[in-house]
Structure formats: C-alpha cells, structure tokens
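**Student:** Here it is, the structure, as structure tokens.
The values are calculated or read from the model by the stated rules, or taken from the named source; none is laboratory data. Since the model is a prediction, treat every value here as computed from it, not as a measurement. Counting neighbours? That spans all protein chains shown, and the Cβs are built from the backbone with ideal geometry, glycine included. The protein model used for the area step is the full one, side chains on, heavy atoms only, and it has no ligands, DNA or RNA in it. Shrake-Rupley method; radii C 1.70, N 1.55, O 1.52, S 1.80 Å.
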Amino acid sequence: MGSVGIIGGADGPTAVFVSGSPAAAVILLLAAAALAGTGIWLFLRKREH
C-alpha cells in the first residue's frame, strides 16, 4: 500500500509526495480527488438553498 502527502500553503505552490507502488498512488489520488469533488459539490449545493 502507498501513501500520499499533500503540503500546500496560501502563499506558495502545493507539493504532492507519493510513496509505495505507482498503482497504489494513483488509486489514493483518485480517491482523494473524488472526496474533494464531493465536498465541493455539497458545499455549493448547500449555498444555493
């Protein structure tokens, strides 16, 4: 299994560090993107109502 670390700040670029096999990293990144997308969708949906 791999792990993904994301380091970012308001005043600089975001860095993504990946350890483990490339396939596991891709799966983790896709899962993180899906969760972030769902969170953004729920936030925007709540603002509309």
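**Student:** I need the full set of residues from the range 15-42 which are part of a strand (DSSP E or B) and open to solvent by 60 Å² or more (accessible area, probe 1.4 Å), in order please. Spell out the reasoning first.
**Tutor:** The initial filter retains those residues of the range 15-42 that are part of a strand (DSSP E or B), namely 15-19.
Selection gives V16, F17, V18.
**Student:** What pairs come up if the first residue lies in the range 15-40 and is within 14 Å of G5 (Cα to Cα), the second is in a helix (DSSP H, G or I), and their beta carbons are under 7 Å apart, counting only those six or more places apart or on different chains?
**Tutor:** So the pair list comes out as V18/A25.
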